Amino acid sequence: MATIGKVSPEEMQQFYENSRQAGLTPAWMGRGHDRKPSVEPFVWRWAQAEPLILRSGEVVTPDRDVERRVLRLTNPAREHGTTHTISAALQLLLPGETAPAHRHTPTAIRWVLHGEGAYTTVEGDKCYMERGDLILTPSWTWHDHNNEGDGPMIWLDGLDTPLVHNLEATFYEAFPEDQQPVTSSGQSEKKYASGALRPAWEDYKSPYSPLWHYKWERTYDALWRLAQTDCSPFDDVAMEFSDPASGGPVLRTMSCWIQLIRPGVRTRAHRHTSSAVFHVFQGEGYTVIDGQRFDWSTGDFFVVPTWAWHEFANESSEETILFSIQDIPVMKSLSLYRDEAYEENSGHQPITSRFDG
Ligand code: 1HN
């Protein structure tokens with residue numbers, strides 16, 4: 001420190017102390033431009049998560065003990081959040097239960113993992129959940145969940161709460177009753193899921209996608225069709241769920257992807273300034289993240305942090321299907337998105353360690 005500045009070390013010290021008392025921090029004392037990432041790559045195992053989410057059904061009841069029966073996938077490097085922008089969680093709803101109606105400024109998606117006979121009502125529209133369905137609850141839309149079936153329903157919640165909290169824009173409101181009135185059933189799906197064709201007399205006015213429910217059957221069909229013709233060198237057969245009004249991401253803060261990694265494929269590595277949370281919907285494989293190999297199989301979840309080299313491999317003889325939630329729209333809308341391809345070694349990172357969590 002004595003070598004910095006034009007005055008004696010004692011005068012320098014006095015300057016620092018006076019600055020501190022005035023609430024001013026000399027920027028040259030800061031950490032510069034290097035920043036420690038706040039998100040670690042990690043895998044959550046379904047074999048560990050499943051018994052706990054089922055057990056949560058025996059320890060608490062929504063609407064009585066808790067508002068939502070949710071187990072969050074907390075990143076080990078963080079206090080909150082699966083990444084710095086996305087919070088993913090597992091939710092269980094047992095037969096006859098209701099998760100009461102409310103709305104909040106954080107946006108949510110549901111990715112359905114298990115069960116049938118339950119529905120989410122979004123702004124009065126009843127959306128029945130089946131495995132592989134994606135349901136959106138955009139910012140400030142009323143939503144409640146109800147299980148009319150006779151078995152447990154489990155889904156993945158994905159919210160932009162870490163981002164919205166950091167922006168200090170979190171608002172919340174409870175609906176005066178447990179359930180909001182149902183005004184239609186599957187309307188959003190029927191009207192807007194045809195993609196290239198839309199109701200001719202309507203103008204889209206909402207600030208979010210008019211389509212809230214993406215059924216698995218249509219999703220898989222699109223994926224299968226794309227697989228016949230083209231793929232990305234970095235993500236193999238990857239499709240983004242899109243807002244039929246804009247053609248862009250389904251939500252302002254999160255995009256959702258469905259990805260087929262074909263048998264025998266190893267993608268090339270790249271990195272980008274967006275982060276992502278993945279669910280292994282079907283199959284097995286591994287992701288190499290910054291030289292570390294993360295193996296996973298059906299039901300597992302994993303996270304790819306910002307600016308981490310990553311590539312996917314499916315060495316099995318079966319299709320591998322990955323669902324993911326990504327914060328690309330945030331980065332793109334702020335002109336902060338950038339990506340880079342890994343050029344050495346034909347695009348493949350040397351594997352230096354293996355995740356054994
Ligand atoms: C929420 O509203 C739900 O509606 C699930 O099911 C998880 C986590 C944080 C904040 C709100 C839901 C949530 C949540």
Count the DSSP beta bridges whose two residues both fall in the chain, then state the antiparallel fraction as a percent rounded to the nearest 5.
95 percent
Rounding to the nearest 20 debye, state how big the charge dipole of region 9-94 is about its Cα centre with +1 on each Lys and Arg Cβ and -1 on each Asp and Glu Cβ.
340 debye
Looking at Trp46, Tyr337, Gly115, which one has the Cα that reaches farthest to the positive end of the dipole of the chain (charges on Cβ: Lys, Arg +1; Asp, Glu -1)?
Tyr337
Which Cα, out of Ala88, Thr267, His279, lies furthest along the positive dipole direction of the chain (beta carbon charges, K/R +1, D/E -1)?
Thr267
Could you state the principal axis extents of the C-alpha atoms in region 222-357, from the largest down, to the nearest angstrom?
42, 31, 29
What are the ³J(HN,Hα) couplings of region 61-73, residue after residue, when phi is run through the Karplus curve with 6.51, -1.76, 1.60 and θ = phi - 60°? Round to Hz, x for glycine and proline.
10, x, 6, 10, 9, 9, 6, 10, 9, 10, 10, 7, 8
Over region 48-146, equivalent-ellipsoid semi-axes from the Cα gyration tensor in Å:
20, 18, 13
Keeping every protein chain present and rolling a 1.4 Å probe, give me the accessible area per residue for region 20-148 in Å².
48 Å²
Treating only the Cβ of Lys, Arg, Asp and Glu as charged (+1, +1, -1, -1), what charge dipole size does the chain show about its Cα centre? Round to the nearest 20 debye.
640 debye
Per residue, how much accessible area does region 151-230 show when a 1.4 Å probe rolls over the protein heavy atoms, in square angstrom?
62 Å²
Answer in debye to the nearest 20: the dipole magnitude of region 213-357 about its Cα centre, from +1 Lys/Arg and -1 Asp/Glu charges placed on Cβ, is 340 debye
Longest segment of the chain with no chymotrypsin sites (Phe, Trp or Tyr not before Pro) in a DSSP loop having at most 11 other Cβ atoms within 10 Å?
1-170
Positive dipole terminus of region 128-282, leading residue within His165, Leu197, Leu226 (C-beta point charges):
Leu226
Restricting region 86-184 to trypsin sites (Lys or Arg not before Pro) in coil, as DSSP defines it, with at most 16 other Cβ within 10 Å:
Arg131
State the percentage of accessible surface on the chain attributable to carbon and sulfur atoms; use a 1.4 Å probe and exclude ligands, DNA and RNA.
51 percent
Stokes-Einstein diffusion coefficient for the chain at 10 °C in a medium of 1.306 mPa s, Rh from the Kirkwood formula over Cα pairs: what value in µm²/s?
72 µm²/s
Taking amide hydrogens as modeled 1.01 Å from N in the peptide plane, which residues meet the under 5 Å criterion relative to Phe241, leaving out close sequence neighbours?
Cys256, Trp257, Ile258
Restricting to DSSP H runs of at least four residues, report the calculated mean residue ellipticity at 222 nm for the chain, -39500 (n - 2.57) per run over all residues, nearest 500 deg cm²/dmol.
-4500 deg cm²/dmol
Give me the percent relative contact order of the chain, please, defined on Cα pairs under 8 angstrom at least 6 residues apart.
15 percent
Longest segment of the chain lacking GluC sites (Glu not before Pro) that sit in a DSSP loop with at most 10 other Cβ atoms within 10 Å
178-342
Within region 277-357, trypsin sites (Lys or Arg not before Pro) in DSSP loop having at most 14 other beta-carbon neighbours inside 10 Å:
Arg338
On C-alpha positions alone, give me the angle between the axis of helix 9-21 and the longest principal axis of the chain, in degrees, nearest 10.
30 degrees
On average, how much accessible surface per residue is there in region 239-344, in Å², for a 1.4 Å probe, leaving out ligands, DNA and RNA?
36 Å²
Which number gives the lysine pairs in the chain that have C-alpha atoms under 28 Å apart and are eight or more places apart or on different chains?
12
Roughly how many Å² of Met29 are accessible to a 1.4 Å probe, to the nearest 10?
100 Å²
Under the rule rounded for a/c under 1.5, else prolate if a/b exceeds b/c, else oblate, using alpha carbon gyration tensor axes a ≥ b ≥ c, region 274-354 is classed as oblate
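The values are calculated or read from the model by the stated rules, or taken from the named source; none is laboratory data. What you see is a predicted model; the values in this text were computed from it and never measured. Positions of Cβ are backbone-derived with ideal geometry, glycine not excepted, and every protein chain shown enters the neighbour counts. These accessible areas exclude ligands, DNA and RNA; they are computed on the full protein's heavy atoms, side chains included. Shrake-Rupley method; radii C 1.70, N 1.55, O 1.52, S 1.80 Å.
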